[in-house]
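To keep things clear, I will list the structure first and then write my remarks on it.
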4 protein chains.
Amino acid sequence: MLPMSPHEIDNLDTLRLRIREFARVRAWERYHTPKNLVMALSVEAAELLEPFQWLTAEQSQHLSAEQHAAVRHEIADVLIYLTRLADLLNIDLLDAAADKLALNARKYPVEKAHGNALKYSDFSDD
Amino acid sequence: MLPMSPHEIDNLDTLRLRIREFARVRAWERYHTPKNLVMALSVEAAELLEPFQWLTAEQSQHLSAEQHAAVRHEIADVLIYLTRLADLLNIDLLDAAADKLALNARKYPVEKAHGNALKYSDFSDD
Amino acid sequence: MLPMSPHEIDNLDTLRLRIREFARVRAWERYHTPKNLVMALSVEAAELLEPFQWLTAEQSQHLSAEQHAAVRHEIADVLIYLTRLADLLNIDLLDAAADKLALNARKYPVEKAHGNALKYSDFSDD
Amino acid sequence: MLPMSPHEIDNLDTLRLRIREFARVRAWERYHTPKNLVMALSVEAAELLEPFQWLTAEQSQHLSAEQHAAVRHEIADVLIYLTRLADLLNIDLLDAAADKLALNARKYPVEKAHGNALKYSDFSDD
């Protein structure tokens, strides 16, 4: 059962159910095939890129209040679509993340990976 | 303080701290500027697109066990980078998602949005 | 020397020089590092995804005049950034494409690739 | 009629026909709906992001021979999909680019745009 407070979302499972409800009451489920959702997610990830494209690394660490607010919205959009996609594919987000971090720890053991400039790989790459 | 069980991550805050620690012990923080992180996130979002690019909407709803496992890894990668980015920008993910859903509810009231084929907009678009 | 007609661009080299001039007269070169340009290119590629995200494969083949015009603009944006990026990296676009097609022909010989449902690969994949 | 030399591609129209032929002989046309092609294009654009994600702006201007070769392949992939997409939508690439540059020139007149740090816009943005 959903929490009484309409605005409060204190865990990913509540978020998942809220998003389900949001789509259900608008009869939008038919648009939410995994194929469409991964497209929508990529669109939002790129909207997250956009505010940063002409900034220097330094500037990216000192966003104005306006830039920060916009970025916060885009981050939310990515999480919303990710949660919706995971819901439809029966994937538990935290469980998947835990498994991936464990895999990455084996792939990039501290002794080998410490401080190295990584070319085409990164700390969460497959 | 981090949970005793090395593998268990039962909420986003624990995930956030685990990722911080992962990057810290490998001295990878210098690569994690917001600018670099939004790029890494877009790379992972596109790795999530790839398994679906030649599938029909129907096929996208019936992934093989192998395809599903690969998609689960990419979903985890997106969440990991999103959590890291939000951490560095002091953004609470669930809080941001709650605000965005509330904004979307005002933008797409049920009476207006019900069942409509949305062309350039969607249920979480700005 | 640039063509006399301000609007006519009949080959990629003219396009390349026009874009150079466009950036030069606005003193925008300092924003055009390869890193920034690949970000801008990804942003535009995602703006090309957006009109299609809720469409069926069928609908995507019958765009309205309005949708088609918008997609045409986004396609142009991708080409503009790609040309600019290639210019800065001294890469000849047609030459690179020719080499890649030759590589793909060896990777996907007709006998092997004919009609096959390709899962994670495609006709131009590395 | 296609040029006699199998490798030489000296203009976009030849490239367009070569790609058509490449897909035709492998019976891959059914995968090439505009929806699928924009996805494939975004996947390639992100593969172009990846080599740069942990580099500084400075490093991005001094790629090793190996990095440069990889980037050249990804640039080719983007052009190949863009050309294929434009072909299916009956869009002339250079024509579209010329129109977009003209539009951008009106949107960013030199007097107004000169040297300005652009926040959410750029020289080819809609």
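The values are calculated or read from the model by the stated rules, or taken from the named source; none is laboratory data. Everything quoted here is computed from the prediction, not taken from an experiment. Here Cβ is always computed from backbone atoms with ideal geometry, including for glycine, and neighbour counts include all displayed protein chains.
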task = Scan the range C:26-43 and give yes if some residue there is more than 16 Å from D:Ala40 (Cα to Cα), free of Cβ contacts under 8 Å to residues at least 60 places away in the same chain, within 14 Å of chain A (Cβ to nearest Cβ) and in contact with a His (Cβ under 7 Å, 6 or more places away or on another chain), otherwise no.
result = yes
message = I'd like the full set of residues that are part of a helix (DSSP H, G or I) and within 8 Å of chain C (Cβ to nearest Cβ), limited to the range D:104-119.
response = D:Asn104, D:Ala105, D:Val110, D:Ala113
ask   = Taking C:Ala46 and the conditions (1) at the interface with chain A (Cβ under 9 Å from one of its Cβ atoms); (2) aliphatic (A, V, I, L, M); (3) over 20 Å from D:Leu88 (Cβ atoms), which numbered condition does it fall short on, given that it satisfies the others?
value = (3)
query = Is there a residue being closer than 29 Å to A:Leu55 by Cα and either in a helix (DSSP H, G or I) or within 17 Å of the chain's Cα centre (by Cα) (or both) anywhere in the range D:25-37?
reply = no
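Could you please give the count of residues in the range A:85-97 that are in a helix (DSSP H, G or I) and either touching a residue at least 40 places away in the same chain (Cβ under 8 Å) or within 7 Å of chain B (Cβ to nearest Cβ) (or both)?
Step one: of the range A:85-97, the residues in a helix (DSSP H, G or I) are A:85-88, A:93-97.
Those left that are additionally either touching a residue at least 40 places away in the same chain (Cβ under 8 Å) or within 7 Å of chain B (Cβ to nearest Cβ) (or both): A:85-88, A:93-94, A:96-97.
Adding up the residues that qualify gives 8.
Within the range A:56-66, is even one residue among the small types (Gly, Ala, Ser), part of a helix (DSSP H, G or I) and surrounded by fewer than 14 Cβ atoms within 10 Å (Cβ to Cβ)? Show your work before the answer.
Of the residues in the range A:56-66, the ones among the small types (Gly, Ala, Ser) are A:57, A:60, A:64-65.
Next, from what is left, pick out any that are part of a helix (DSSP H, G or I): A:57, A:60, A:65.
Next, from what is left, pick out any that are surrounded by fewer than 14 Cβ atoms within 10 Å (Cβ to Cβ): A:65.
Looking for residues that are among the small types (Gly, Ala, Ser), part of a helix (DSSP H, G or I) and surrounded by fewer than 14 Cβ atoms within 10 Å (Cβ to Cβ), one finds at least one in the range A:56-66, hence yes.
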task = Being closer than 16 Å to D:Leu101 by Cβ and either touching a residue at least 24 places away in the same chain (Cβ under 8 Å) or not small (Gly, Ala, Ser) (or both) is the filter here, so list the residues in the range C:58-84 that pass it.
result = C:Arg72, C:His73, C:Glu74, C:Ile75, C:Asp77, C:Val78, C:Leu79, C:Ile80, C:Tyr81, C:Leu82, C:Thr83, C:Arg84
remark   = Taking the range C:53-102 and keeping residues in contact with a Lys or Arg (Cβ under 6 Å, 6 or more places away or on another chain) and among the β-branched types (Val, Ile, Thr) leaves C:Thr83, C:Ile91
query = Within the range B:67-74, is even one residue buried (at least 16 other Cβ atoms within 10 Å of the Cβ), more than 20 Å from A:Val25 (Cα to Cα), among the polar types (S, T, N, Q) and at pLDDT 95 or above?
reply = yes
